[in-house]
Amino acid sequence: MTEWVRPAGTAASNGFELAVRPGEAEWHHTGLLVRTLLPGQSVEIESGDCEYIVLPLSGSAEVIVDGDAVPLGGRADVFAGATDLAYVPRNTTFAVVSAGGARIAFPHAKAATDHPFRRIGADEVETELRGAGVASRQVRNFGTPGVLEADSIIACEVITPAGNWSSYPPHKHDEHKPGKESELEEIYYFELQLSDDVPEGVKGNDPIGYQRVYGTEERPIDVLAEVRSGDVVLVPHGWHGPAMAPPGYDMYYLNVMAGPGTERQWLITDDPQHAWVRELWNSQHLDPRLPFGQTGDES
């Protein structure tokens, strides 16, 4: 383990199985909490100086703000489809309760301005099929500019079929270059599953994937992590990618990004040694296994 890799269970705090918050050493803008709620159980959060997203990973829930209960139709799991979600502004006390039990992610980021509480339905989540060939992946843009009105947070989900690479070619977003690159920290939260083509006799496997992060001579960072469900990789700066799904294991990751810029943008620079890879996609087909799941209530 390095300071930028948090295996499942190693970043638990106060009932959350995962707690990454802005203000840790060399970590300033983004955070992610994950909480499992038993049937009928609830959790209360004070957003403070951060804006929050309430994102069911499995199951469904209600968000309670100022006495009003807002239902979030959920899903069976992160591979089953998009989910309803909610945006919660700064300086708000809110609760989340689940009648049937759920696992809830709470992406959050430091915010300087207020935006209204909002529920986003699964049918509003934009699905993008990106890349081609073995670089094919599916992106659910539930918390990106144009879908979610927010101050700083940018968030999305990515599904990578078994045997494919995503976050590829490697890219970075750690410098402010107007119109070209934005300065953003990034969190990768992973879940993996056995792919559909795995023989029925294979049971009890612990699916794995891999994540690469590397820097420059001026700003070194060196991560090559074997990841499992519940693991987190933090990207404070540097080139990141590929995220690799080995044969037999489908990969999901939740990305959470934010930075110091006053303009909420997601602009990247490809590693020039590998940027040419994008040209290959013009002669390749999209992976026929995509898209995963169906938009709507999957709970």
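Contact order, relative form, for the range 150-299: 39 percent (alpha carbon pairs under 8 Å, 6 or more residues apart, mean separation divided by residue count). For the chain, the carbon plus sulfur part of the accessible surface works out to 50%, probe radius 1.4 Å.
Stretched out straight at 0.36 nm per residue, the stretch from residue 49 to residue 68 would grow longer than its current Cα-Cα span by 4.6 nm. Between residue 95 and residue 202, the contour length at 0.36 nm per residue exceeds the Cα-Cα span by 34.5 nm.
Sequentially through the range 266-277, phi angles give Karplus couplings (6.51, -1.76, 1.60; θ = phi - 60°) of 10, 10, 10, 10, 6, 4, x, 6, 10, 4, 4, 4 Hz, Gly and Pro residues having no value and appearing as x.
Here's how it looks for residue 58: its modeled amide H is under 5 Å from those of 103, which are all 5 or more places away or on a different chain.
Compactness ratio for the chain: Cα radius of gyration over 2.2 N^0.38 Å (N = residue count) comes to 0.95.
How many angstrom lie between the Cα centre of the range 127-202 and the Cα centre of the range 1-80? Cα centres, the range 127-202 to the range 1-80: 19 Å. Once the 1.4 Å probe is applied to the protein heavy atoms, the chain comes out at 43 Å² accessible per residue. Residue by residue, the range 66-78 carries 3J(HN,Hα) couplings of 6, x, 9, 9, 10, x, 10, x, x, 7, 5, 6, 6 Hz when phi is fed to the Karplus relation 6.51 cos²θ - 1.76 cosθ + 1.60 (θ = phi - 60°); x denotes Gly or Pro. Per-residue Karplus couplings for the range 87-92, computed as 6.51 cos²θ - 1.76 cosθ + 1.60 with θ equal to phi - 60°, are listed in order as 9, 10, x, 4, 6, 10 Hz, Gly and Pro entered as x.
Where in the chain lies the longest segment free of trypsin sites (Lys or Arg not before Pro) that are both loop residues by DSSP (not H, G, I, E, B) and have at most 14 other Cβ atoms within 10 Å? Between the exposed loop sites, the longest stretch runs 1-179. Annotation: amide H-H contacts under 5 Å for residue 18 (H modelled 1.01 Å from N, sequence separation of 5 or more, or interchain): 13, 34.
The values are calculated or read from the model by the stated rules, or taken from the named source; none is laboratory data. The structure displayed is predicted, hence computed values, not measured ones. Positions of Cβ are backbone-derived with ideal geometry, glycine not excepted, and every protein chain shown enters the neighbour counts. Protein only, heavy atoms only, side chains kept; ligands, DNA and RNA dropped before computing areas. Shrake-Rupley method; radii C 1.70, N 1.55, O 1.52, S 1.80 Å.
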